[in-house]
1. Collect the residues in the range B:179-207 that are more than 9 Å from chain A (Cβ to nearest Cβ) and out of contact with any Lys or Arg (no Cβ under 9 Å at 6 or more places or on another chain), keeping them in residue-number order.
2. If you go through the range B:30-56, how many residues are over 24 Å from A:GLY44 (Cβ atoms) and within 11 Å of DNA strand D (Cβ to nearest atom)?
3. Return the only residue of A:ALA151, A:ALA188, A:ALA196, A:ALA200 being assigned to a helix (DSSP H, G or I) and within 27 Å of B:THR129 (Cα to Cα).
4. Can you work out which of the residues in the range B:30-40 that are touching a Lys or Arg at 6+ places or on another chain (Cβ under 8 Å) and of a type in the set (A, V, I, L, M, F, W, C) is farthest from DNA strand C (Cβ to nearest atom)?
5. What number of residues within the range B:14-29 satisfy the criterion of being surrounded by fewer than 18 Cβ atoms within 10 Å (Cβ to Cβ) and either more than 12 Å from DNA strand D (Cβ to nearest atom) or in a helix (DSSP H, G or I) (or both)?
6. Restricting to the range B:47-95, name every residue that is more than 14 Å from chain A (Cβ to nearest Cβ), more than 11 Å from DNA strand C (Cβ to nearest atom) and β-branched (Val, Ile, Thr).
7. What are the pairs, 6+ residues apart or on separate chains, where a residue within the range B:35-46 that is within 16 Å of A:VAL127 (Cα to Cα) has its Cβ under 9 Å from a residue that is of a type in the set (Asp, Glu) and assigned to a helix (DSSP H, G or I)?
8. Collect the residues in the range B:180-208 that are more than 15 Å from A:ALA201 (Cα to Cα), in contact (Cβ under 8 Å) with a residue 12 or more places away in the chain and not charged (D, E, K, R), keeping them in residue-number order.
2 protein chains.
Amino acid sequence: MDAEGEPDDVPATGMVRPGGRTARVRDAVLRAAGDALAEHGFGGLDLADVARRAEVGKTTVYRRWSTPAGLVADLLADMAEQSVPRTDLGSLDADLAANARLVLRTLTDPRQGPLFTSVIAAATCDVRTAEALHRFYEVRVREWAGCVDAAVARGELPAGTDACEVVRAVSAPLYYRLLTGGGALDAAAADRAAAAAAAAARAGVYVS
Amino acid sequence: MDAEGEPDDVPATGMVRPGGRTARVRDAVLRAAGDALAEHGFGGLDLADVARRAEVGKTTVYRRWSTPAGLVADLLADMAEQSVPRTDLGSLDADLAANARLVLRTLTDPRQGPLFTSVIAAATCDVRTAEALHRFYEVRVREWAGCVDAAVARGELPAGTDACEVVRAVSAPLYYRLLTGGGALDAAAADRAAAAAAAAARAGVYVS
DNA sequence: ATCTTAACGGAACCGAAGGTCCATTAAGAT
DNA sequence: ATCTTAATGGACCTTCGGTTCCGTTAAGAT
């Protein structure tokens, strides 16, 4: 978070005594930030409001996170740690479909959906936030890449297939819809995304 | 833009005398807004700064567009009118690749790239802006859907293929990379996106 | 148990984003 | 050419996001 270029590494606030109160404050603030983001979007994210929701001093929020983007970056770092384990249904199509359904459920969830769009918006405004977002997706993608590797091992896909790229291909159309519109985000869209990724993978498009 | 629910439709500013000065001001402001967006992103979009760049009174900008999101919405409406005509190379693969390369060129352009990310960020903060963005992409997608329809007519793709969905499938992975990272936006990525869409389309994934 | 000081939080402060007022300019109708 | 008034833009004002100051609380070391 705070990689100050200061003389002899001045420790960032919250790093020397990370236990007890400090941790409690961080949790409360990140939860409040998520709520605020889901409700008002990134554009309407006000640090003072977050402080109020978290029942924490306004000063504290400004001192530790400074800017809305910084706060979102930390929220993302926190989200990346709570990775959901993937399923393993034994066939590529089933696994990719399960992944697509999971993404769909996330993006259409009344809290998670707005939260994700907000977080993406935040990432476009600040490089550090963008890096945090990239790291988050790297974790998620790598988690699901396993089922593609398994499919390669089973001989369902050509050797040398880029597993991560296949997983991203499943998510991409759903995020595209979320952001640029053009059709509803429903089960049909999810299944189509999964089927498309599977078809392309079988055709060897993702062989590096 | 201004669909006021006022008694007996009070005309929005700029609608009664749209010629001469008013048009000149709009052009200058939209150009300035695009520059500002490309440079500082949506988060750093300041209406006063836009006014300064456009050499226009601050009051004018606030009166006509009110909010950053409103300004971006108008900018999008303007962008939607300047549609670039598609190519027609005679084969599905070539046409989709050309489309992918065009999207790539746009997203990696030093001005257009940041502009597009900013505009997408703006759309997440305001419903009206989101609608404008959707309309923009609807125009773009429909423009290129023609070459998919042609491929169906030539028998390259199964009848009943949803042309728009194929076109979106080409763009989606590129936008996904732009926003969530995970790999460079290069020619290889563009070609892969086109190839994947073509493979999935041939497999009948986009038959409605 | 005691001590040091990291971290918190209330109050007061500051600057600029955003809005109001009104005189000036120029579309567009006659 | 003349007139009406839509639209502009400068000066001024108000609100509030963000910061600073400093006293209070409680981590973590002894």
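Every number in this text was worked out from the coordinates using simple rules, so none of it is lab data. Just so it is clear, the model here is predicted, and its values are computed rather than measured. We place every Cβ from the backbone using ideal geometry, glycine too, and count neighbours over all the protein chains shown.
1. Within the range B:179-207, B:ASP186, B:ALA188, B:VAL207 qualify.
2. 4
3. Only one candidate qualifies: A:ALA188.
4. Result: B:ALA38.
5. 7
6. B:VAL56, B:VAL84, B:THR87 - these are the residues of the range B:47-95 that are more than 14 Å from chain A (Cβ to nearest Cβ), more than 11 Å from DNA strand C (Cβ to nearest atom) and β-branched (Val, Ile, Thr).
7. B:HIS40/B:ASP49
8. B:LEU185, B:ALA187, B:ALA190, B:TYR206, B:VAL207, B:SER208
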